[in-house]
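Okay, structure first, notes after.
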Amino acid sequence: MGKQSSSWITMQKKRWPLMILALFTLSTVMVFFMRSAFDSCHSTPSSTNHHFREANEVPKAQFYSASHRPSVAPNPLDFMKSKLVLLVSHELSLSGGPLLLMELAFLLRGVGSQVVWITNQKPVEPDEVIYSLEHKMLDRGVQVLSAKGQSAIDTALKADLVVLNTAVAGKWLDAVLKENVQQVLPKVLWWIHEMRGHYFKLEYVKHLPFVAGAMIDSHTTAEYWKNRTRERLGIRMPETYVVHLGNSKDLMQVAEDTVAKRVLREHVRESIGVRNDDLLFAIINSVSRGKGQDLFLRSFYESLQLIQEKKLQVPSVHAVVVGSDMNAQTKFETELRKFVQEKKIQDRVHFINKTLTVAPYLASIDVLVQNSQARGECFGRITIEAMAFQLPVLGTAAGGTMEIVLNGTTGLLHPVGKEGATPLANNIVKLATHVERRLTMGKKGYERVKENFLEHHMSHRIALVLKEVLQKAKS
């Protein structure tokens, strides 16, 4: 069973020393989020066909000579100071949607907004993840309310802005607000991340045409929602904004700190039992069939066979699966581990439990594999995080990945499904055998991040949307 519990226990024993070393190196807290979201393209907003607005009007950075003292640029979200913002999430977990909404909460708190959080669906039994995330928000000044009750209704009615996160959160409107729904809809911004057909239910999104706007993670997803809501549900999308996120300042600080990356790389590699010159291809997503870990492992095994058959001279190649769940042991994950055992590649495949802290793993690997299937990722936040660490990306030619990865420049794309398994195997071999190409792609990816996917890019994009939504709410 490819480096299962023993490597995980070892990793846990070493996690705190690893974090402490990084903290001493960086003087910053390394808390980063796994997710699935966001992009950037052109620099001017425009009304597109289909009511899509691209919120990408980001001022160019200003540079100063040594004799000039740079003035501190105003935060584009400063206009949100003292505004009351209600954030409604369908759940609170380590999945992309809730973590992205938490990030928005912290950005708004940073400019003095009053932020209230509601989680619509919670398990009956105490949950360690929910407890941890709620206290993380409380520590940052975010108020956490129960999803039901008069306090939730009063807050929604008083709020300057209500953000519904994911399509499923729409169930909260009728269940809690009831006769007050119509008063709240004009100040609702609906943030949608889903790309799966089963989310297109009228019970979830019947109020969608009447909200102030929809914010969607990529052009691909926006187009998909426009077509599906019209054809399947017979409803019209509201004003829709395509908004792409950027990497947090904390993550970029680690990604650009050579000493920190070396420390993290050494400790993670020691923990999972690989050498410094071994090549690590990693997939970092919650383990599920839609994320394509099964096809990745099949491609990885095929790449090992190709290397052996062609007698290629390459370092030892390893696969790392970050996002495992040692407690749940789902049927799908059991299948993955069985495959690894049957192919006798336990020494080449390493399973690591899901985590909030992705930076250590990005610092320790050589290539990221983004293998989401079907329509792909809505965006794929881990993709731009990997590019910040100068990692090339091997991704599926679907969804938001195509809006991030420049094929042949910052990575290589392959088809979704079983037909993509062999192309992915070939791409693994290409990057394993061509060191210079791998490094060049990584550098190009980093340059693309610096141009499009930083926190200040994200803040400007979101600010453009919030200004319009607030104006609509007033009128």
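The values are calculated or read from the model by the stated rules, or taken from the named source; none is laboratory data. None of these values were measured; they are calculated from a predicted model. Using ideal geometry, Cβ is built from the backbone for each residue, glycine included, and neighbour counts are taken over all protein chains shown. Surface accessibility is based on the protein's heavy atoms, side chains included, excluding ligands, DNA and RNA. Shrake-Rupley method; radii C 1.70, N 1.55, O 1.52, S 1.80 Å.
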| Accessible surface, 1.4 Å probe, highest first, among residues THR355, THR440 | THR440, THR355
| note | The summed charge of the ARG228 Cβ neighbourhood (under 13 Å; Lys/Arg +1, Asp/Glu -1) stands at +4
| field | In nm, spacing of pseudo-spin labels at ALA175 and LEU202 (7 Å Cα→C-beta vector) | value | 2.0
| task | Run the quick spin-label model on LEU138 and THR258: label points 7 Å from Cα toward the beta carbon, then report their separation in nm to one decimal. | result | 4.4
| Within a Cβ distance under 12 Å of LYS444, other residues only, what is the Lys/Arg minus Asp/Glu net charge? | +3
| query | From the phi of every residue in the range 273-290, what ³J(HN,Hα) in whole Hz does the Karplus formula 6.51 cos²θ - 1.76 cosθ + 1.60 yield, where θ is phi - 60° and glycine or proline is x? | reply | x, 10, 7, 5, 9, 5, 9, 10, 9, 10, 10, 10, 7, 4, 6, 7, 4, x
| said: So if I take the centroid of the Cα atoms in the range 119-166 and the same for the range 274-315, what is the distance between those two points in Å? | reply: 40
| task | Please work out how much length the chain gains when fully extended from ARG289 to GLN121, using 0.36 nm per residue of separation minus the C-alpha to C-alpha distance, in nm with one decimal. | result | 58.1 nm
| message | Which one, ILE382, ASN327, THR409, projects farthest toward the positive side of the charge dipole computed for the range 319-412 from Cβ point charges (K/R +1, D/E -1)? | response | ASN327
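Which FRET efficiency, nearest 0.05, do LYS467 and GLU447 yield, Cβ-Cβ r, R0 25 Å?
Efficiency computed from Cβ-Cβ geometry: 0.25.
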| Segment LYS331-LYS148, length gained on full extension (0.36 nm per residue, minus Cα span) | 62.4 nm
| For the range 249-453, what % of the accessible area comes from carbon and sulfur atoms, probe 1.4 Å? | 48
| field | Efficiency of FRET between VAL314 and GLU231 - r from beta-carbon atoms, R0 51 angstrom, step 0.05 | value | 0.60
| query | Which entries in the list LYS81/LYS171; LYS201/LYS226; LYS136/LYS261; LYS83/LYS158; LYS136/LYS472; LYS81/LYS450 go over 21 Å, if you measure between the two C-alpha atoms of each? | reply | LYS81/LYS171; LYS136/LYS261; LYS136/LYS472; LYS81/LYS450
| note | Listed by chain and number, the lysines with an alpha carbon less than 24 angstrom from that of LYS418, same-chain partners under 8 positions apart left out, are LYS291, LYS310, LYS331, LYS338, LYS343, LYS344, LYS430
| request: Quote the FRET efficiency, to the nearest 0.05, computed for ASN276 versus GLN183 with a Förster distance R0 of 56 Å and r equal to the Cβ-Cβ distance. | output: 0.40
| query | For the range 249-453, what is the convex hull volume of the alpha-carbon atoms per residue, in Å³? | reply | 113
| field | Full-stretch length increase - LEU84, GLU128 - with 0.36 nm per residue and alpha-carbon distance subtracted | value | 13.0 nm
| note | Taking the alpha-carbon centre of each part, the distance from the range 175-191 to the range 446-466 in Å is 29
| said: With the cut-off at 1.5 for a/c, could you classify the range 183-234 from its C-alpha gyration tensor as rounded, prolate or oblate? | reply: oblate
| request: With a probe of 1.4 Å, find how much accessible area the range 249-453 has per residue, and write the answer as a whole number in Å². | output: 38
